[in-house]
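*Asks:* Have a look at this one.
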Amino acid sequence: MTTLSPPGGEFAQAMQGPQRTSVAAILSLVCGILGLVVCCVPFAGPVFALLGLLCAVVAFLAIGRSDGRVGGRGMAVGGLACSIVAMLLGIVVVVGMNQVLTMFTKYGDAVGQVQTDDKTGLSEVLSSGATQTLTPEAIEAFKDESIGSLGKYQRVKPGMWAWFESFGMLGQVATGIPPKYQGGGQTLIPLHGEFEKGSGLILVLLDQTEQSPSTPLGKIENIGVAPTGGPITWLIDPSGP
């Protein structure tokens with residue numbers, strides 16, 4: 001008795017119908033590319049990269065079990081590679097941003113140093129120009145006005161989202177920022193401060209021409225605080241020379 005073998009080769013492929021591309025493989029490549037594009041945006045890059053990795057795994061499993069009916073392995077490999085690179089770059093960005101925000105916290109602490117008369121700590125972060133200009137009367141005035149409007153300084157609100165919020169708070173008081181504080185080797189950094197009476201904006205003007213191990217981004221030229229939507233109280237009068 002003769003046993004018939006199932007048809008193979010090109011005939012078998014014709015019976016199976018045309019090969020289709022795995023949707024998961026396509027999504028993996030798309031997510032991987034998007035992860036690379038937005039890798040500098042905190043958390044966005046790693047999220048797309050993770051989706052790309054998951055889709056690549058699903059695609060490999062589907063292709064392996066399809067007996068040739070599903071294709072797209074090349075797309076899945078490309079998506080996997082792009083997702084891995086995007087994930088690594090995203091992690092580097094997040095870690096770097098956290099380190100920068102930690103530095104910002106130290107600058108915000110200068111408000112507390114003024115309020116508590118910590119002259120030693122304040123002298124370490126102020127620029128030479130600010131040190132020469134600052135008077136005991138200005139320190140007392142800043143202390144009284146800042147505590148009166150916001151209460152005692154507690155901390156800079158942690159996290160990248162809090163820093164993004166500070167830019168919204170900055171927009172509400174932008175008219176109170178002197179034009180001379182823009183450019184000229186100076187950088188104005190907004191911070192979301194937490195005080196006894198609630199949240200407030202902290203503005204730190206940095207002189208990037210003066211740096212030290214404790215102030216790697218520059219020393220403080222001036223510092224201001226403002227309640228939400230309220231007027232800015234400056235440590236050093238901006239109308240001065």
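The values are calculated or read from the model by the stated rules, or taken from the named source; none is laboratory data. None of the values given here were measured: they were computed from a predicted structure. Positions of Cβ are generated from backbone atoms using ideal geometry, with glycine treated the same way; all protein chains shown enter the neighbour counts.
*Asks:* Looking at (1) among the small types (Gly, Ala, Ser); (2) at pLDDT 90 or above; (3) more than 17 Å from Leu34 (Cβ to Cβ), which is the one condition that is false for Ala81?
*Replies:* (3)
*Asks:* Restricting to the stretch 76-97, what's the tally of residues that are touching a residue at least 40 places away in the same chain (Cβ under 8 Å) and under 22 Å from Phe164 (Cβ atoms)?
*Replies:* Result for the stretch 76-97: 7.
*Asks:* I would also like to ask the following. Please pick out the residue among Val125, Val173, Val94, Val85 that is in contact with a Ser or Thr (Cβ under 8 Å, 6 or more places away or on another chain) and of a type in the set (A, V, I, L, M, F, W, C).
*Replies:* From the options Val125, Val173, Val94, Val85, the qualifying one is Val125.
*Asks:* Is it fair to say Leu217 is assigned by TED's automatic domain parsing to the domain that holds Gly171, closer than 26 Å to Trp161 by Cβ and either buried (at least 22 other Cβ atoms within 10 Å of the Cβ) or without any contact (Cβ under 8 Å) to a residue 40 or more places away in the chain (or both)?
*Replies:* So Leu217 fails the test.
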